[in-house]
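What follows draws every value from the coordinates through simple rules; no lab data is involved. Please read all numbers here as calculations on a predicted model, not as lab measurements. Note: ideal-geometry Cβ built from the backbone for every residue, glycine included; neighbour counts use all protein chains shown.
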Amino acid sequence: RDFWYDEARAALRRRLSSDGSTGTARPVARNVILFVGDGMGLATITASRILRGQRDGHPGEETRLAWENFPAVALARTYNSDAQIGESSACATALLCGVKANFETVGLDSSGHFENCFSSFSSRVPSLFDWAQQAGKATGLVTNTRVTHATPAALFAHSPSRYWEDDGKVTPSARSTCKDIARQLVEDEPGRHIN
C-alpha cells in the first residue's frame, strides 16, 4: 500500500514543481467533481466523438466531447495487483483509494483476497470520501447503476467480494463476520456521512 501512496506523492511533487508558477499562492479548489466512466477506454471515447460529430453533420473525428473542455482531464492506467486486465471494483479501488487491489475485491489493498472475509480486516484502505470528510468537505455520488455496485462501492465499502452487495450474496460462512456493501453504506464511515 505504501508503494502506491509514495508513487502518487512523487508524481504530485513533480507536477506541482513544474507548473511554471511565478511564486504566487496557488488557488484552492472549492469543489471537486470526479466523473468516472466505467469501462470508458480510448476506443469508446473515440467512437463517441465520431458518433457525436456525425450526428451533428460532420465527419466526427474533430468533435470534442463536453468533458474535453474541462480545465483538468486525466487518463488512468488501470490493472489489478493480480491480473493484467482490470475489472471495475479493483480499478475503482485504485482510482478512488490510491492503491492497486486484487481482482473482484473493493476498498482493500492487495493483501485482501477474494471472498476471504478475514483478509479484509487488515487490508482496508481509505477513499476520497474518507479524506474529504476528514477535511470537513461534503461528499456525494451520482450513479446510473446500483450504489452498491463495484465502482461506486469503492468510495465507502471494504469487501473481499464485489458481489457481496447485500446479505443474501455474502457466503454463509462470512455472514456473521463480514458486512455486506449495502450495510456498510448505511452503518459505517464514510458511507453514513455521505451528504
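Here the chain is treated as an ellipsoid with the same Cα gyration tensor; its semi-axes, largest first and in whole Å, are 31, 22, 17. As a size descriptor, the averaged projected area of the C-alpha convex hull of segment 35-75 was calculated at 3.0 nm².
Between the Cα long axis of helix 42-55 and the first principal axis of the chain there is an angle of about 50°, rounded to the nearest 10. Selection among LEU141, TRP4, PRO59 by position relative to the dipole of the chain gives PRO59 as farthest towards the positive end (Cβ unit charges, Cα centre). Taking Cα atoms only, the orientation of helix 88-97 departs from the longest principal axis of the chain by about 80 degrees. Taking a point 7 Å from the Cα of PHE3 along the Cα-to-Cβ direction, the residues of segment 55-89 with backbone N closer than 15 Å to it are 79-84. Of the residues VAL106, ASN69, THR151, the one whose Cα sits farthest toward the positive end of the charge dipole of the chain, with +1 on the Cβ of Lys and Arg and -1 on the Cβ of Asp and Glu, is ASN69. Applying a 4.7 Å cutoff between beta carbons, the unpaired cysteines of the chain are CYS91, CYS97.
Note on ARG146 and HIS58: the extension gain reaches 28.1 nm, defined as 0.36 nm multiplied by sequence separation minus the Cα-Cα distance. Here the dipole of the chain is about 520 debye; that uses its Cα centre as origin and unit charges on the Cβ of Lys and Arg (positive) and Asp and Glu (negative). Sorted largest first, the principal axis extents computed over the alpha-carbon atoms of segment 102-195 equal 37, 25, 22 Å.
Loop-located GluC sites (Glu not before Pro) in segment 38-95 (DSSP state not H, G, I, E or B) with no more than 16 neighbouring Cβ atoms inside 10 Å: GLU61, GLU62.
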